[in-house]
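Have a look at the structure below, then the notes.
The values are calculated or read from the model by the stated rules, or taken from the named source; none is laboratory data. This is a predicted model, so every value here is computed, not measured. For neighbour counting, all protein chains shown are included, and Cβ atoms are generated from backbone atoms with ideal geometry for every residue, glycine included.
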Amino acid sequence: MIDWKPKINYRVMGIDLAALPKNPTGVCIIGDDIFLFTFHNDEEILTAINEAKPKIVAIDAPLMKKIRIREADIVLKKYGAMPPTMPSMKLLVKRAGKIVEEIDAEVIEVFPTATAKILGIYEKDWRKMAEKIGVKARNKHELDAYLAAYTAYLYIEGKTERVGEKEKVIVPKVFEMLRY
């Protein structure tokens, strides 16, 4: 059985980043407890990161210098990934790049929808999915931030794999998840 509320002696953070500050960004910190937040501007997000001092930050946004279609984007399309070349995704790539430059922790790119589908908990209705795993998210962005942070936890535990050649997206190992 998967432990959806791990107690760990370090902190991991998940961020479901919005392309524009006017839209909600979900943030989750997993450590000795689980904390969920909704922020809008970069300063709020960076303050949360600096105060939490996570070991790793998992971001649901394409992390790349040059906007293009990567192997990871093609592979993750089957899970619903949007190409980074779409206008709204270009904005997300640029915002993520600026935020990542300010982070003093290891940063990984994740895709929460793929995490949910690989772990077998995906529901179209985010409320049902949150209820299924016992996470008290106030919106879809907080749930995605939780799934991003959970992916970071699995990454530290060695239960993930990298998708793509150069820029890699971290997802749970399918084989590891079948053992639960």
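Taking TYR79 as the residue in question, decide whether it is surrounded by 13 or more Cβ atoms within 10 Å (Cβ to Cβ), within 19 Å of TRP126 (Cα to Cα) and touching a residue at least 12 places away in the same chain (Cβ under 8 Å). Yes; evaluated as a whole, the condition is true for this residue.
Of all residues in the stretch 35-54, at least one satisfies being within 15 Å of the chain's Cα centre (by Cα), surrounded by 15 or more Cβ atoms within 10 Å (Cβ to Cβ), modelled with pLDDT of 95 or more and assigned to a loop (DSSP other than H, G, I, E, B). A count restricted to the stretch 55-76 and to residues that are touching a residue at least 60 places away in the same chain (Cβ under 8 Å) and more than 24 Å from TYR122 (Cβ to Cβ) stands at 2.
Within the stretch 137-146, is there a residue that is at pLDDT below 95 and crowded, with 18+ Cβ neighbours inside 10 Å? Full working, then the answer.
Restricting attention to the stretch 137-146, the residues satisfying the condition of being at pLDDT below 95 are none.
No: the stretch 137-146 contains no residue that is at pLDDT below 95 and crowded, with 18+ Cβ neighbours inside 10 Å.
Residues in the stretch 119-127: is at least one crowded, with 19+ Cβ neighbours inside 10 Å and either modelled with pLDDT under 95 or assigned to a strand (DSSP E or B) (or both)? Scanning the stretch 119-127 turns up at least one residue that is crowded, with 19+ Cβ neighbours inside 10 Å and either modelled with pLDDT under 95 or assigned to a strand (DSSP E or B) (or both).
Among the conditions (1) out of contact with any helix residue (DSSP H, G or I) (no Cβ under 8 Å at 6 or more places or on another chain); (2) β-branched (Val, Ile, Thr); (3) surrounded by fewer than 18 Cβ atoms within 10 Å (Cβ to Cβ); (4) outside any loop (DSSP other than H, G, I, E, B), THR85 misses just one, which is (4). Could we say that ALA105 is surrounded by 13 or more Cβ atoms within 10 Å (Cβ to Cβ), touching a residue at least 24 places away in the same chain (Cβ under 8 Å) and under 26 Å from GLU43 (Cα atoms) here? Yes, satisfied.
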